[in-house]
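Here is the structure we will look at, set down as structure tokens.
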Amino acid sequence: MLLNVIERGPDVSSEATTLPPVVLLHGLFGRARNLGFVQRRLAATRRTLALDLRNHGDSPHGPMSFRIMADDVRETLEHYNALPAMLLGHSMGGKTAMMLALRHPECVHSLLVVDIAPGEGGFTRMEVPAELETLDFPPHLDRAGADALLRPLIPSEAIRQMMVQNMRLGDNPGWSIGLADIMTALPTIMSWPDLPPGTQYDGPTLFIRGEISPYIQPKNYPAMRRLFPHYTLETISGAGHWVHVDAPKRFAELVEKFAKR
């Protein structure tokens, strides 16, 4: 599946044509523009591509697994002549990036994974209630009305705001994303697939975790070391799961430093 792409880069830079492109992959219920601030910073000197993963943003809909999504990314980057690339993925996008690096290491120059480990972790059914699939959308829906519609189902304001961006507002309101496919795949997205013994990505790998996020813990370190033997880990103080939102300056500094490798 070819994915929707937002591409940015310097107008004229010989260095930008020799450095690997940077590819940005959002998390569950996100979209390409969620990492726009760091894409704009990197695009001053690098070719960058932010992708809408399947069932998200303006990309097509269909069944989901990390192998399928990794294949989507590879197919799209081949189409854009953007391989090998530095991959930066947050949460679900981080798992997708890890899967691509492990299955097709020749496609990945370096790997940056944001606040997710190769294991169980991510949204839960409690945070994404099944009632969202049968939500009755009133006509002429605006953003405030959409927030009010979701409030009884989603107590978290941050998650509500993220879900509102996935709605069509106005006279023909509804979900703009492949919600049914996402909900079906949620147990898969929450988990991590078994891989053949000896599977590794030997390239440069950086994990960035939020200090108060639960998604990268010491129990994950053995799997991280087994799959990514050259990984390093950075913790951003005071940040939660949305590290790039909670600490944008420090996050951008770490990304830019790693991108120079």
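Only the coordinates and a few stated rules stand behind these numbers; no lab work does. No experiment lies behind these values; they were computed from the predicted model shown. No Cβ is skipped: glycine too gets one built from the backbone with ideal geometry, and neighbour counts run over all protein chains shown.
Couplings for the range 161-169, taken from phi via the Karplus curve 6.51 cos²θ - 1.76 cosθ + 1.60 with θ = phi - 60°, read 4, 5, 6, 4, 5, 9, 9, 7, 9 Hz in order; Gly and Pro are left as x.
Taking a sphere under 11 Å around the Cβ of Thr235 and counting the other residues whose Cβ falls inside, with K and R at +1 and D and E at -1, yields a net charge of -1.
The mean sequence distance of close C-alpha pairs (under 8 Å, at least 6 residues apart), as a share of the length of the chain, puts its relative contact order at 18 percent.
Remark on His109: its backbone amide H falls under 5 Å from those of Ala85, Met86, Leu87, a criterion applied only to residues 5 or more positions apart or on other chains, H modelled at 1.01 Å from N. Candidates Leu149, Ala97, Pro222 compared by Cα position along the dipole of the chain: farthest toward the positive end lies Pro222, with charges placed on Cβ.
Report, to the nearest 10°, how far helix 66-79 tilts away from the longest principal axis of the Cα atoms in the chain, using its own Cα long axis and a range of 0 to 90°. Once rounded, the angle reads 70 degrees. Rounded, prolate or oblate: pick one for the range 130-185, where a ≥ b ≥ c are the square roots of the eigenvalues of its C-alpha gyration tensor, a/c under 1.5 means rounded, and failing that, prolate if a/b is larger than b/c, else oblate. Oblate shape, in that a/c is at least 1.5 and b/c is the bigger or equal ratio. Taking the C-alpha atoms only, the angle from helix 248-259 to the longest principal axis of the chain is near 40 degrees.
When the alpha carbon coordinates of the range 21-142 are projected onto the principal axes, the ranges are 46, 32, 25 Å, largest first.
Where both bridge residues fall in the chain, DSSP classifies roughly 25% of the beta bridges as antiparallel. The candidate values are (1) 51, 46, 32; (2) 50, 45, 35; (3) 107, 43, 39; the one derived from this structure for Cα extents along the principal axes in Å carries the label (2). A Cβ-based charge dipole, computed about the Cα centre of the chain with Lys and Arg at +1 and Asp and Glu at -1, lands at about 720 debye. Could you tell me whether the range 158-202 comes out rounded, prolate or oblate from its Cα gyration tensor? Rule is a ≥ b ≥ c as square roots of the eigenvalues, rounded for a/c under 1.5, then prolate if a/b exceeds b/c, otherwise oblate. Prolate shape, in that a/c is at least 1.5 and a/b is the bigger ratio.
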